[in-house]
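Enquirer: Attaching a single structure in structure tokens format; questions to follow.
Quick note: the coordinates plus some simple rules give every number you see, no bench work behind them. Computed from a predicted structure; not experimentally measured. Cβ coordinates were reconstructed from backbone atoms using ideal geometry, including for glycine residues, and neighbour counts include every protein chain displayed.
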Amino acid sequence: MLTYSIRRVAYSIPVLLIASFLLFVFVRTTFDPTARLAASRDPQVRIREQQRLGLDDPLATQYGRWLKGAAQGDFGKSEVTRDEVSKTIRRGMGNTLQLILIGAAVSCVIALAVGVYSAVRQYSALDYTFTGLSYIGVAMPPFWFGLIAIQFFAVRHHWLLSLGLHSGDSQGFDLDYLRHLPLPIATLCVQIVASWSRYERASMLDALNADYVRTARAKGLRPRKVILKHALRNALIPFVTVVALDFGALFGGLIITEQIFSIGGMGRVFFSAIQQGDAYVLEAWMLVAAVLIIFFNLVADLLYGVLDPRIRLS
């Protein structure tokens, strides 16, 4: 298992380097950090600023300098706000990680439960109900669902709160936090749960019809043991793949969710950087997004080895 893990980590490093280079080139060729000086009466001011920032160097040189700083946690200063980019990213990551971790956990639990039940009780009334709800969830735009949820639960009935994750000076895990959390989590997860549950149902149906499950049943094993130990373990491999590949959608969904609920996270950082043309913040944001996506795909690869030891041997 150790050799397999080291090999998968080694494969991830060049992928991250290639992704970071492409993202860096895309941002540097699209956004000019000195664009704010375009209206200056003296064109030499902008030229001197470009020289100071090293923007007249070849892209490969600029990338090497930026990557060295990024490896040390130094992304430079924003040319728009004059704040340290690393501090801006750290502030945004706090709320974003809360939503990602809680949203991913909630989505996995609900999707697994619904998918397994629908497969075991195929063509039952609840199976048809879950199927219909999943089609609605996939078709429902998250921003529309979020606005309807705010109107019903926060504005009309005042059961939940919809602005940020805390009210005033409230901090930490308290009742105020619990009243803020459900609406953004539900908005983030509604489409993902609908999609993942259908994948798990299909994967579980394949496992339940496999020869090894029929053999386990013929031996007289209890139905619960057959489902949880034999069928579910094998059905989890496609599910883990889908979760890892869809993590980009989960991270991207935060951009919409954080805007709707006024949460100061990475989504707000991204929107602000795009509107202001803040190249340095965008470079850091995209690198963090790439690291998270590659990391979760790496976790999925490692989980394959746990769920099916034969993968490690190949």
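Enquirer: What angle do you read, to the nearest 10 degrees and between 0 and 90, between the alpha-carbon axis of helix 266-276 and the longest principal axis of the chain?
Expert: Tilt of helix 266-276: around 30 degrees.
Enquirer: Restricting things to Cα coordinates, could you compute the convex hull volume per residue of region 90-274 in Å³?
Expert: Normalising the Cα hull of region 90-274 by residue number yields 141 Å³.
Enquirer: Right, next: Hey, rough spin-label estimate for SER167 and VAL299, points 7 angstrom out along Cα→Cβ, what's it come to in nanometres?
Expert: Each label point is offset 7 Å from its Cα along the Cβ direction, giving 3.2 nm.
Enquirer: Return the lysines within reach of LYS87: Cα separation strictly under 22 angstrom, same-chain partners fewer than 8 residues apart disregarded; answer none if there are no such residues.
Expert: Partners within reach: LYS68, LYS77.
Enquirer: Hey, rough spin-label estimate for HIS157 and VAL45, points 7 angstrom out along Cα→Cβ, what's it come to in nanometres?
Expert: Computed distance between label sites HIS157 and VAL45 equals 5.7 nm.
Enquirer: Taking Cα pairs under 8 Å and at least six residues apart, what relative contact order does region 90-274 come out at, in percent?
Expert: Normalised by residue count, the contact order of region 90-274 is 34 percent.
Enquirer: Simple spin-label model, 7 Å along Cα-to-Cβ: LYS229 to LEU22 in nm?
Expert: 4.5 nm
Enquirer: At a Cα cut-off below 30 Å, give the lysines reachable from LYS219, other chains included and same-chain residues fewer than 8 away excluded.
Expert: In chain and number order, the partners are LYS229.
Enquirer: Can you give the helix-only mean residue ellipticity at 222 nm for the chain, where every DSSP H stretch with n ≥ 4 adds -39500 (n - 2.57) and the sum goes over all residues, rounded to the nearest 500 deg cm²/dmol?
Expert: That calculation yields -24000 deg cm²/dmol at 222 nm.
Enquirer: Another question about this same structure. Which of PHE130, PHE152 comes first, and how do the rest follow, when ranked by fewest Cβ neighbours within 10 Å?
Expert: Arranged by neighbour count, lowest to highest, PHE130, PHE152 become PHE152, PHE130.
Enquirer: Based on the Cβ-Cβ distance from THR61 to PHE143, what FRET efficiency comes out when R0 is 35 Å, to the nearest 0.05?
Expert: 0.25
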